[in-house]
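The values are calculated or read from the model by the stated rules, or taken from the named source; none is laboratory data. Please read all numbers here as calculations on a predicted model, not as lab measurements. So basically every Cβ, Gly included, is an ideal-geometry build from the backbone, and we count neighbours across all protein chains shown. SASA here: full protein model, heavy atoms, side chains in, ligands and nucleic acids out. Shrake-Rupley method; radii C 1.70, N 1.55, O 1.52, S 1.80 Å.
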Amino acid sequence: RKRDMCNGSVRMVSIPPLEGHNDRVWHVCWSKRGDQLASCGGDKTIRLWKPTTDSLMPMQMQKMEQKMEQKKEEQKKEEEKKKENSLSSSSFKWMRDQAQAQACYASHKQQHLVSSYTCVDKLEGSHTKTIRRCEFSRCDSMIASVSFDATTCIWDKKFGKHRHHHHHHYEQQQREEREVEEVDDFDEEDREGERDEQQWELLVTLEGHESEIKDVAWSPDGELLATCGRDKSIWIWLKEIDEEFECLDVLQGHTQDIKAITWIPATRVLVSASYDNTIKVWNEMADEWVCTQTLDSAYQGHEDTVWNLCCSPQGEKIVSCDNSGMILLWRVIPEEDKNLKLDLLSRNKCPNDAPIYSIDWSSDGRLIAIGSSDNSLTLLSLDADDKLQQVVVRKQAHEGDVNCVSWHPTKPHVLASGGDDEKVKVWSVLYDEV
């Protein structure tokens, strides 16, 4: 089944691109409240975007209005042709279609409001190489960013001091207080009232990885931070009460780059994906994380680089994607001692056969978005047999690889994406019922 949400077809339309980065955009993420969007990339900056006005996208409004005018013109010609005093069957049909179109328009206007966005802050000057990923903390009070310079930066809204946490010792070394450089490329009207609210300060720099860091993830309870990278390791950091960070564990097991990590909701179980074609499950045991499962080709797993993975909203399933265009669906199964394992539900081949770099599950669990190397953005849904069905494809969603897709946390019809074309896009999923 293509879609079970409502009768009709599904479309994706976007507001004008969010521009400002001068290199590829590697990652986009929403704050947990959904009131901010963060993006980062090859220009070594993090940009924070906020909605400015709630309005239906001009493109969609124009199309709807054109459709209504076309219907009116058809009715006028029909009336002139028939010259009848009573309504013809065709004109009656038009009136019915007109009413349905108006109802659809009103529904879109009410339910699919998409905002325009303004860049309200730019965090820079701390990472010396590409920022690969950034993530808001559970309460949106912090942002963690990881870079090809092998460091993790923690940004805070408070005005703290900059500290380095080294892998040789975890005691904190006080450094000079430094302020994030004010952004000079905002319009004056955009600065007004925004800078006081959106000031972010570098709180601490975490060091330990030996090379490029590829992913970062806050635990569901907000107390832990996991990072992974090219050195084949995963670091688990504890956020202490005084906002210090201590390394609890360093996980070894993958034989090549670790591309992605995710925590299973409401647990301290971590799942990792790697260039070595495997997925590993790490269960916590006495403040240590032990690899309790390795999913490889012998387990009907991936046979190519696993680029990304994500959990369903309730954490009962996981989807993973790879370089060959395969998407695997896994069931999360509880075991003794609160341990979890994964069991394969289905193997799904993406129709376009292109490498899939990013995958994300909508907050209502109905849609899965994927971003691919062929510049496309695809929406999928699960059928009754746990097979993925294509809902809609937006070809040339970006003018380059789609590196990241991210669903809005409270508006399941809103999706953000970032690509090699240096742009961030915000999309709205529209359901045409006529």
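For the peptides 266-272, 16-22, the ranking by mean Cβ contacts within 10 Å, running from highest to lowest, is 266-272, 16-22.
Averaged over its residues, the range 211-340 has an accessible area of 39 Å² per residue, based on protein heavy atoms and a 1.4 Å probe. In this calculation the C-beta distance from SER9 to GLU240 is compared with R0 = 60 Å, giving a FRET efficiency of 0.70.
Kindly identify the range 257-362 as rounded, prolate or oblate by the Cα gyration tensor criterion: order the square roots of the eigenvalues as a ≥ b ≥ c, call it rounded if a/c is under 1.5, otherwise compare a/b with b/c, prolate if a/b is larger, else oblate.
Details: a/c = 1.88, a/b = 1.63, b/c = 1.16.
Judged from the Cα gyration tensor, the range 257-362 comes out prolate (a/c at least 1.5, a/b above b/c).
Counting 0.36 nm for each residue step from SER324 to ASP385 and taking away their Cα separation leaves a gain of 19.7 nm. For the range 326-420, just say rounded, prolate or oblate: build the C-alpha gyration tensor, square-root its eigenvalues into a ≥ b ≥ c, call rounded for a/c under 1.5, and beyond that prolate if a/b exceeds b/c, oblate if not. Note, shape of the range 326-420 comes out prolate.
At R0 = 56 Å, how high is the FRET efficiency between GLN75 and GLN199 if r is their beta carbon distance? Nearest 0.05 is fine.
0.50
Taking every alpha-carbon pair in the range 212-292 and binning the separations at 5 Å intervals from zero gives 3, 16, 29, 27, 16, 6, 2, 0 percent. Between VAL391 and LEU379, LEU380, SER381, the built amide H atoms are under 5 Å apart, and every one of these is 5 or more places off in sequence or on another chain. Roughly speaking, what is the centre-to-centre gap between the range 317-372 and the range 399-426 when only Cα atoms are used, to the nearest Å? When both Cα centres are located, 18 Å separates them. If you sort the three axes of the alpha carbon gyration tensor as a ≥ b ≥ c, you get a/c of 1.5 or more for the range 274-326 and a/b no higher than b/c, which makes it oblate.
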